[in-house]
Amino acid sequence: MKRIKIKQLLSEPALDSEVLVKGWVRTKRGNKNIVFISLNDGSTINNIQVVADTASFDENLLKDISTGACIAVTGKLVESQGQGQQIEIKAVSIELYGKSDAETYPLQKKGHSMEFLREIAYFRPRTNTFSAVLRIRHSMAFAIHKYFNDKGFFYLHTPIITGSDAEGAGEMFHVTTLDLSNVPRNTDNSIDYSGDFFGKSTNLTVSGQLEGELGALALGDIYTFGPTFRAENSNTPRHLAEFWMIEPEMAFYDLNDNMDLAEDFVKYLIKYALDNCPEDLEFLNNMIDKTLIDKLKFVLNNQFVRITYTEAVSILTASGKKWDYPVSWGTDLQSEHERYLVEEHFKRPVILTDYPMSIKAFYMKQNSDGKTVRAMDVLFPGIGEIIGGSQREENYEKLLGRIRDLKIPEKDLWWYLETRKFGTAPHSGFGLGFERLILFVTGMLNIRDVIPFPRTPKNAEF
Ligand code: 4AD
Ligand code: MG
């Protein structure tokens, strides 16, 4: 007989038919005559109840069916006699695939803290919360590809190993096959990479943008969706050392087009979650954040505010608030400032534009004021920055000037500069932090809890 997934079983129940289900035991209860097993196979947040008459089964088998055990059940799908479920399986035969010692199984019935579950990340997908988060994460990844595919964007695979620092922030993990206990040196004591695997210094990418721009200047509209790596020592609920980023890059888009796309894109994703993940969202709404679904609908139904950095600084200084980090024109905004604008002042998502050139990356288009660049950050309630992007500097001299001012090694970027010499074009793009999106959509509070196996400072377990 062919196995049926519990999701399908529950959505199209064929009463009185014989079915085969396989999954992990969530709970078992009963008495000497009858045993009730709650079974979950990961296809849905919902369990199926399996009912077994003790008389029909080996006593030892039933004893071994404890929380965490994996079983296959054949039986008849019937209307449930009890409360709490519409249908159940009257078991005819049960095969035990894997026992689970009740005493030592780390996932007990009582609620566990998120911190504890992180320590047993190898089992946490078996909890309701994490299975819900992981199913939503999957749906969001699928929706991202669907959105761009439907719009005629091409998925461009940018390299993971690069020789450049796309953000110019120096937060890179080195990639090398050199013998670290005996690193070869040049006469000036700098490291001699000539014998290294790539014959030069390389690192894990911090962003696919620069290569994405090359794609956009040939294919028109592209997007990347891949892992990115940052060796920034930020132990916060919003930072990972390895995270996934979606970076669309569009020829002929100015900053306004870029903002329109960013707003439409995140709204599409939120709507997709509401339409396609209702049971998981309801579960998270009940268990994690009672305002989750209202918040998602609110963002969907309201226009994002669009103001310049300069206007934002005026609002912040006029607020009379006492900040941990004082604000004045030219300072980078901290999370307390971003959250004030979004959560207290405007009470909705905000897109800030035209930041001071000095606090943004070298590739952003310079405004004619000589002080600001065509940057945009999308700020979300509870999250802060969810998207960062800009119109790109397409003028060769201006771009080169900025690279030189910042003392960025030109030899690492010669290929990038070539696009500004041959057929340059206005273009724009942005990066959406995938895990920050998942934080918002699930209502989870810590970024470590929306990726299966988080990498953070001093933690690369599993
Ligand atoms: O603002 P960022 O650094 O922008 C870029 O990397 C550009 N190259 C994007 C582009 O224009 N194509 O990062 C973009 C987004 C941030 O807004 C944030 O959501 C997320 O990536 N992000 C992180 N997410 C988790 N952990 C980290 N350490 C992150 N750093 C950035
Ligand atoms: Mg940023």
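Side notes on the structure shown:
- Alpha carbon centroid spacing (whole Å) that separates segment 204-233 from segment 126-154: 19 Å
- Tensor-based shape of segment 70-168 (alpha-carbon gyration tensor, a/c under 1.5 rounded, otherwise prolate or oblate): prolate
- Accessible area (Å², 1.4 Å probe, nearest 10) - HIS239: 50 Å²
- Here the translational diffusion coefficient of segment 315-462 follows from Stokes-Einstein with Rh set to the Kirkwood radius across Cα pairs; for 20 °C and 1.002 mPa s it amounts to 121 µm²/s.
- A cut-off under 13 angstrom between Cβ atoms defines the neighbours of PHE346, and their net charge, with Lys, Arg +1 and Asp, Glu -1, is 0.
- Debye log10 I(q)/I(0) for segment 299-359, one point scatterer per Cα, at q = 0.21, 0.23 Å⁻¹: -0.81, -0.96
- Rolling a 1.4 Å probe over the protein heavy atoms gives segment 192-252 an accessible area of 37 Å² per residue.
- Accessible surface, segment 53-149, averaged per residue in Å² (probe 1.4 Å): 54 Å²
- Counting charges near ASN446 (Lys, Arg +1; Asp, Glu -1) among other residues having Cβ under 12 Å from its Cβ returns a value of +1.
- Note on LYS110: aspartates and glutamates with a C-alpha under 18 Å away, same-chain residues under 8 apart excluded, are ASP101, GLU119.
- Our summary gives segment 11-54 a relative contact order of 30 percent, counting only alpha carbon pairs under 8 angstrom and 6 or more residues apart.
- Computed from Cα positions, the angle between helix 255-276 and the longest principal axis of the chain comes to roughly 0 degrees.
- Candidate lysines - alpha carbon under 16 Å from LYS271, same-chain residues fewer than 8 apart omitted: LYS146, LYS295, LYS297
- Percent accessible area from carbon and sulfur atoms, the chain, protein chains only, probe 1.4 Å: 51 percent
- Expressed as a fraction of 2.2 N^0.38 Å, the C-alpha radius of gyration for segment 1-80 is 1.04.
- Using the 1.4 Å probe convention, the accessible area of segment 368-462 works out to 41 Å² per residue with neighbouring protein chains retained.
- Environment charge at SER194 (Cβ cut-off 13 Å; Lys +1, Arg +1, Asp -1, Glu -1): 0
- Computed with a 1.4 Å probe over protein heavy atoms only, the accessible area of ILE288 comes to about 60 Å².
- Using the rule -39500 (n - 2.57) for each DSSP H run of four or more residues, divided by the residues of the chain, the 222 nm mean residue ellipticity is -9000 deg cm²/dmol.
- The listed residues GLU103, GLU167, GLU249, GLU95, once ranked by accessible area (1.4 Å probe) with the largest placed first, stand as GLU103, GLU95, GLU167, GLU249.
- The 1.4 Å probe gives accessible areas that order MET245, MET287, largest first, as MET287, MET245.
- For segment 364-443: span of alpha carbons on each principal axis (Å, largest first): 45, 28, 25
- Straight-line cross-link partners of LYS411 among the lysines, defined as a Cα under 29 Å from its Cα and at least 8 positions apart when in the same chain: LYS200, LYS360, LYS365, LYS371, LYS398, LYS421.
- Computed on protein heavy atoms with a 1.4 Å probe, the accessible areas place TYR272, TYR355 in the order TYR272, TYR355, largest first.
- Once the gyration tensor of the Cα atoms in segment 194-336 is diagonalised, the equivalent ellipsoid follows with semi-axes of 31, 25, 21 Å, ordered largest first.
- Taking packing as the residue-averaged number of other Cβ atoms within 10 angstrom, the listed peptides 448-458, 110-120 run from highest to lowest as 448-458, 110-120.
- Rough spin-label spacing in nm, given labels placed 7 Å along Cα→Cβ, for ASP257 and TRP323: 3.4 nm
- Relative contact order [Cα under 8 Å, 6+ residues apart], the chain, whole percent: 13 percent
- Cα centroid of segment 247-324 to Cα centroid of segment 175-190, whole Å: 46 Å
- Two-decimal Rg/Rh across the chain, once Rg and the Kirkwood Rh are taken from alpha-carbon atoms: 1.06
- Sites LYS411 and LYS110, calculated FRET efficiency, Cβ-Cβ separation with R0 56 Å, nearest 0.05: 0.45
- Computed accessible area, TRP244, all protein chains, 1.4 angstrom probe, square angstrom: 90 Å²
The values are calculated or read from the model by the stated rules, or taken from the named source; none is laboratory data. Predicted model, so just to flag it, every value in this text is computed and none were measured. Because the Cβ atoms are built from the backbone with ideal geometry, glycine has one as well, and the counts that use them run over all protein chains shown. When the accessible area is computed, the model is the full protein with side chains, heavy atoms only, and any ligands, DNA or RNA have been set aside. Shrake-Rupley method; radii C 1.70, N 1.55, O 1.52, S 1.80 Å.
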